[in-house]
Structure formats: structure tokens, C-alpha cells
Amino acid sequence: MSNFFPFDEQKGYREIVKIGDVTRYTGFSLLTLEQGESFRGETGGKETVLIILSGSCNVRAGEEFFEDLGKRENVFSGKATAVYVPINSNYEIQEIAGKKLEIAVVSALAEKQYAPFVIRPEDVVVNHRGTAGYQREVHDIVVENAEGKVDRIVVGETFSYPGQWSSYPSHKHDKFDPPVETEMEEIYHFKVFPKEGFGVQVIYNDELSLREAYMVKDGDTVVINEGYHPVAAAPGFKVYYLWLMAGPYGRKLTPKDDPKLVSALKNSN
């Protein structure tokens, strides 16, 4: 089964990455609601984060009710609003702005049950990373700011500037080798502005027995369960990707940079 899932425009709820197919811990779905529509779901054994990509809604998670969530017109227009829904919980989403609502439903297998909570734009931690050639803006949605409030899931957004690389210098996190590296699989969901543009997702390992590249368009999804995985934005186009991570050894991410690449970069300066 391929790790690349091209965008397929459909209404309602559609599961794109099912846990157990190409992933062990993480799943990804999209929900699109039109004016006044609602959706009910349940988490089962998966803790879930509902990231509002565009539009506004009310969300009921278990016994908690959160009103008037989401203000951005699209992912490029502001910081995210999200809702954490714990395992073994029901939830309901109601569109309230009279226009299209798009939500990323990301999940991870979990054991501990916590309380539902909202991540508002002011709770998102913004990081400016990189230098000339690989500058980007990284938004932590459910990362260290959610420690002690979630079991396994890690979620954020990266905004790559036109013509720039991100997730660079290339890094990976597919082996448990503390303190050098931890094991976490990852899912990327892409948006491109303007949507006619594209980015490039590269995935490779040290031996180059894995060496792949995908032309990623607006709405595409990629699963990364092995290897280094840098992303490039075509000149003139912004590339966004929502990222979701989880693994068997806790939530602390310890990525390992490609040592050959890092050494070559140092020697070239």
C-alpha cells in the first residue's frame, strides 16, 4: 500500500489514513460540512484532535460544550483552533457560520483518558526556524504546551515560504536510540497557496534503499514511517503541512539529522 494519498474532493467524513494499514499508531481523516450541517463521531481507543482548517463551529466533546470556535478563512490566514477529544468519548461538530467548514480529524492510539480541552490561537506556540534557503514558521498546537493533558499524540503546523525547504536539514525519527533519536511515525497533510502550485516531499534513508519523491498538491497527504523527510516549496507558492506524530516511547521528539548532509553543509561554509 502506498504512503501517498492524493486529494480526493468529497463532502462529509472520509478516512484517509486508517491505523493498521500503513501506520501503527496514527490516523488521519477529513471532515467537510456545508451550511448548518453537523457530524457525530466517537473516538474509541484513539485520542483525537479536531483541527479547524477553515470555517467556524460548535463542538461537544463528552460532557463539555465549546462554542464559536474557528475564525480563519483558510490555513494561511491565522493560527489554528483545535479541540482535544480523549479516548472512549463521543463528539459532535456543528457548522455555525453559514459556509463551508473543513476539519482535520487526527488520532493516535492511547491508553490514558484525559479531559477534553480547546487549543485557541493564543495557545499556539510559534517558532521561526531555519536560515537562508530553509526558512519556515512552525506552530506547535499539541506539543510541549499539552504535556500532562494528552497521552501520546503530537500535532502542529508548518508554513514553508516560497522557494524554501523545511524539515531541513533532513531529519528522521524512526528508531528508538536514546538520547540520539526516538521512534515516532508521522503524517503530513498539505495545503498550497495559490492552490495551482506544488511542493516536493522527499523521503530517503541512510543506505538510499529508500529514495522517493512526491509532487504534493493542495489537499494531498503523506505517511512517513521511515527515513529523512524534507519538504520543498516551489518558488512563488506557500506550502503548509499539518503534522501528526505518535510512537511507542512517549511524546518527546528527538530527531536525528542526516549526519552526511550536516557534515557536508559545515564543510561547504
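General observations
- In segment 30-49, of all residues being within 20 Å of Gly62 (Cα to Cα) and of a type in the set (Gly, Ala, Ser), the one that is surrounded by the most Cβ atoms within 10 Å (Cβ to Cβ) corresponds to Gly41.
- Within segment 123-166, being aliphatic (A, V, I, L, M), closer than 20 Å to Val200 by Cα and under 14 Å from the mean Cα position of the chain (by Cα) holds for one residue alone: Val138.
- Listed by first and then second residue, the pairs linking a residue in segment 202-218 that is closer than 13 Å to Ser167 by Cβ to a residue that is surrounded by 14 or more Cβ atoms within 10 Å (Cβ to Cβ) and of a type in the set (Gly, Ala, Ser), with Cβ atoms under 6 Å apart and 6 or more places separating them unless they lie on different chains, are Ile203/Gly227; Tyr204/Gly227; Val216/Gly199.
- Residues in segment 152-201 that are without any contact (Cβ under 8 Å) to a residue 60 or more places away in the chain, crowded, with 17+ Cβ neighbours inside 10 Å and assigned to a loop (DSSP other than H, G, I, E, B): 2 in all.
- Ser54 vs. criteria surrounded by fewer than 22 Cβ atoms within 10 Å (Cβ to Cβ), closer than 21 Å to Ala80 by Cα, touching a helix residue (DSSP H, G or I) at 6+ places or on another chain (Cβ under 8 Å) and not acidic (Asp, Glu): yes
- The set of residues from segment 9-21 being under 23 Å from Met245 (Cα atoms) and either surrounded by fewer than 17 Cβ atoms within 10 Å (Cβ to Cβ) or in contact with a Lys or Arg (Cβ under 8 Å, 6 or more places away or on another chain) (or both) comprises Tyr13, Arg14, Glu15, Lys18, Ile19, Gly20, Asp21.
- Members of segment 139-151 found to be in contact (Cβ under 8 Å) with a residue 24 or more places away in the chain and assigned to a strand (DSSP E or B), listed by number: His139, Ile141, Val142
- Residue check, Ser77 without any contact (Cβ under 8 Å) to a residue 24 or more places away in the chain and of a type in the set (Ser, Thr, Tyr): yes
Just so you know, all these numbers are worked out from the coordinates, no wet-lab data involved. Not measured: the values here are computed from a predicted model. Note: ideal-geometry Cβ built from the backbone for every residue, glycine included; neighbour counts use all protein chains shown.
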